[in-house]
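The values are calculated or read from the model by the stated rules, or taken from the named source; none is laboratory data. Everything numeric here is computed off the predicted structure, so don't read it as measured data. Cβ placement follows ideal geometry from the backbone for every residue including glycine, while neighbour counts extend to all protein chains displayed. Ligands, DNA and RNA are stripped out before the accessible areas are found, and what is left, the full protein with its side chains, is counted by its heavy atoms. Shrake-Rupley method; radii C 1.70, N 1.55, O 1.52, S 1.80 Å.
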Amino acid sequence: PTRRSSDLVLPAIFLFPFHPDVDTYHSMGFKLYQTHGLPYVNSFVANFPGMPLLHEFAIAVFGNTVFGFRLFEYIWQVATVIALYCVVRFWLSEAPALLGCLLYALYYVFGPEQFIGQPEGFVMLPLILGIGAMVVAYRSPRLLRINSALVLGGACYGVATLIRPTYALMMVLPMIFLFDLRKRPSWIKYAVVSIGFLLAFVPILVPLALTPNGLHEAYLDAILYNLDVYGPT
């Protein structure tokens with residue numbers, strides 16, 4: 001039922017041309033696809049590399065067209081709606097959960113003009129999965145399942161941070177609301193979540209560290225560039 005409700009709204013994604021921001025991400029992703037190289041080293045990336053890497057994947061699988069990326073985006077948003085339904089069902093019955101999914105789909109397609117294809121839309125899937133993993137860890141009585149869910153949740157928040165760095169702050173919220181950080185076992189859980197968070201960065205940081213000037217180029221693109229451009233504002 002979740003898939004059917006989203007099918008009424010999400011296909012409208014295919015009717016939208018690229019916003020200039022999406023065009024920029026796509027050109028970065030196409031450069032990475034052409035060179036089979038690293039973000040920052042083989043293509044300028046003005047932020048964390050999540051979006052250019054997603055565009056590179058979409059180009060490799062669906063082709064270098066607007067339709068190809070929209071198809072990838074459509075599949076991603078269907079997965080987001082399904083994940084949203086499953087996580088909301090932890091607390092609510094089927095009807096309000098389906099209503100929430102429908103409202104999300106409507107907002108995604110008919111919300112702000114530049115919302116389609118932007119990081120804020122793609123970041124929802126890892127954030128929802130991260131919340132779900134943290135709730136599973138909170139409710140599970142088995143230590144192995146708790147730690148596995150915490151690592152998975154941290155990794156999901158790490159992926160969200162790779163798409164938009166400010167979303168790293170979201171990892172703190174479920175820890176505050178689910179676990180009593182005044183107690184030592186909760187701090188151990190927070191450390192396990194942090195391990196999962198850092199694991200999401202390994203596939204990016206290790207190749208950059210092994211490439212001459214790789215980390216320096218990442219600093220110039222992701223940090224110094226944004227400080228120079230947006231710092232005065």
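When a 1.4 Å probe is rolled over the protein heavy atoms, the share of accessible surface on region 95-233 that falls to carbon and sulfur comes to 71 percent. Note on residue 233: accessible area approximately 150 square angstrom, rounded to 10, probe 1.4 Å, nucleic acids and ligands left out.
Given a 1.4 Å probe and the protein chains as shown, residue 27 ends up with an accessible area of around 70 Å². Highest mobility in the GNM of the chain, judged by mean-square fluctuation with C-alpha springs under 10 Å and restricted to 47, 213, 64, is found for 213.
Give me the Kirkwood hydrodynamic radius of region 1-126, using the inverse of the mean 1/r over all pairs of distinct Cα atoms, in Å to one decimal. Don't skip to the end; give the middle numbers.
Values: mean 1/r = 0.0656 Å⁻¹.
About 15.2 Å for region 1-126.
Given R0 = 25 Å, the distance between the Cβ atoms of residue 202 and residue 46 translates into a calculated FRET efficiency of 0.65.
Treating each Cα of region 129-188 as an identical point scatterer and summing with the Debye formula, the log10 of I(q)/I(0) at q = 0.18, 0.25 Å⁻¹ comes to -0.59, -1.04. Where in the chain lies the longest segment free of trypsin sites (Lys or Arg not before Pro) that are both loop residues by DSSP (not H, G, I, E, B) and have at most 16 other Cβ atoms within 10 Å? Here the longest segment lacking exposed loop sites spans 1-88. Counting only protein heavy atoms and using a 1.4 Å probe, the accessible area of residue 104 comes to about 30 Å².
Remark on the chain: hydrodynamic radius 19.0 angstrom, per the Kirkwood mean of 1/r across alpha carbon pairs. Rolling a 1.4 Å probe over the protein heavy atoms gives the chain an accessible area of 53 Å² per residue. In this simple spin-label approximation, residue 191 and residue 91 carry label points 7 Å from Cα along the Cα→Cβ vector, and these lie 3.0 nm apart. Taken as entire DSSP H runs, the helices of the chain that both span 27 Å or more between Cα atoms along their own long axis and average 1.0 or more on the Kyte-Doolittle scale are 66-88, 143-163.
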